[in-house]
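Just below is one structure, and these are the notes that go with it.
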Amino acid sequence: MGLKKFFIKIRWDLFNVCFRWVPINKNKIVIDNFFGKGYGGNPKYIVEKMFIENPNVDVIWVINNTVDKTLFPPQVKLVKFNSIRAIFEFSTAHIWIDNVKNNYKGKKRKGQFYIQTWHGGIGFKKVEKESIETLSKEYIKESKYDSKQIDLMISNSRWVSKNYRDNFWYNGKILETGLPRNDIFFMNSNNIKNKVKKFFRVNGDIVLYAPTFRNYLSIDSQVELFKINGEKIVEELYKKFGKKYTLIIRAHPNIAKDFNLKENQFLKNGSDYPDMQELLVASDVLITDFSSSVFDFMLKSSRIFLFAKDYRDYIENEREMKINPQKDLPFSFATSEKKLLNDINNFNQKEMDRKVEMFNNKMGIKDDGKSSQRVANLLNKELKGSNV
């Protein structure tokens, strides 16, 4: 454990003991989205539904220093991540909502309820226990400790539920509610599309390129790897679909702040946009490598193209794949821009729609636009004192 992390944990344990003498606020929820990243993920959509039926619920959201506070609803109270105030809120809240497994929150008290929404659904990579050889002893210890405290995990499919049970060191309750963040794909999308286009100052349609993080490469090497000829891509898409496109690249959160991209009329940097789901909704086409965004985007469209120039190096140096992108999915897979352009040209909409439907049935996908309501209902029930 690093020295900084060690002292943070000591501070949590010390103040957690002090605050345990303060009664639990039965109407309070405290939320973390990916270590204080901001207003997004499954927690965002759960809270918005909860406010509709329970506008007086006390919602605390922990944030880091880079977050745009203006994006939060006015009734959400913001607290600095890992601050003494944050420790107080976690120590005295009735409900915890989180979407990562190694965020230390101290020891849960009797009467507190912890729901883990996780930050992915179906995914390419092996995670948690299944990739144990790539994880640090510290992470494994943190994840096991977190799992012991969880009261409920939510899932959107048979596949995800099995993955939780097999690999998350978790024996508690799992509900296949669907993923709240995916409700957005079943709503009227015009307002979201207009919002995203206004943010990036683009006309026409959007093709989103969302490559995943590489542990085996430096940030500079990843920036170089993710370079793509936006002009050629949008030109080929125009030929295929008859639409004018702008290509938006969204880097993984781990490198987003260091991902400097030279923009032009064909290419925009989408790494700072706060809500990935809104980007997916606003996009007409998705290009990615091993991102679980594939399994979200296919709820609205089959216009998905897999592209990884470093596929062989990735397999040798990164985590082992649980889903083989070349064999297990209905989408085309390219390791060069030339092949990607050819895949766009050969795309068959009708055939791909059929294949995606078969894949969804095979995985047991439960997303239907009502996930947020289901989770909000059960959490409101918990706040009222009924067991979930």
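For the range 1-119, which helices (runs of 4 or more DSSP H) that fit wholly inside it have 1 or more residues that are at positive phi, buried (at least 22 other Cβ atoms within 10 Å of the Cβ) and small (G, A, S)?
Where helices (runs of 4 or more DSSP H) fall fully within the range 1-119 and carry at least 1 residues being at positive phi, buried (at least 22 other Cβ atoms within 10 Å of the Cβ) and small (G, A, S), they are 41-53.
Since V234 meets every condition but one in (1) over 28 Å from N99 (Cβ atoms); (2) assigned by TED's automatic domain parsing to the domain that holds E128, which condition does it not meet?
Against the list (1) over 28 Å from N99 (Cβ atoms); (2) assigned by TED's automatic domain parsing to the domain that holds E128, V234 comes up short only on (2).
Only one of (1) in contact with a Lys or Arg (Cβ under 6 Å, 6 or more places away or on another chain); (2) aromatic (F, W, Y); (3) outside the structural domain of N254 (by TED's automatic domain parsing) fails for Y164. Which number is that?
(1)
Give the range 355-377 a look and list any residue that's more than 18 Å from F297 (Cα to Cα) and surrounded by fewer than 18 Cβ atoms within 10 Å (Cβ to Cβ), or say none.
The one that is more than 18 Å from F297 (Cα to Cα) and surrounded by fewer than 18 Cβ atoms within 10 Å (Cβ to Cβ): N377.
Quick one: R319 ticks every box in (1) out of contact with any Ser or Thr (no Cβ under 7 Å at 6 or more places or on another chain); (2) buried (at least 18 other Cβ atoms within 10 Å of the Cβ); (3) not in a strand (DSSP E or B) bar one, so which box is it?
In the conditions (1) out of contact with any Ser or Thr (no Cβ under 7 Å at 6 or more places or on another chain); (2) buried (at least 18 other Cβ atoms within 10 Å of the Cβ); (3) not in a strand (DSSP E or B), R319 misses (1) alone.
Looking only at helices (runs of 4 or more DSSP H) that lie completely in the range 197-303, which have at least 1 residues being over 19 Å from the mean Cα position of the chain (by Cα)?
Passing ranges, in order: 219-225, 230-241.
Show the residue pairs that are 6+ apart or on different chains and have beta-carbon atoms under 6 Å apart, the first residue being within the range 211-222 and in contact (Cβ under 8 Å) with a residue 40 or more places away in the chain, the second being of a type in the set (A, V, I, L, M) and surrounded by fewer than 21 Cβ atoms within 10 Å (Cβ to Cβ).
I219/I255
Would you say L329 is without any contact (Cβ under 8 Å) to a residue 40 or more places away in the chain, buried (at least 21 other Cβ atoms within 10 Å of the Cβ) and not assigned by TED's automatic domain parsing to the domain that holds Y39?
Here the answer is no, as L329 does not meet what is asked.
The values are calculated or read from the model by the stated rules, or taken from the named source; none is laboratory data. Owing to the predicted nature of the structure, the values given are computational and were not obtained by experimental measurement. Glycine gets a Cβ as well: all are built from the backbone with ideal geometry, and neighbour counts include every protein chain shown.
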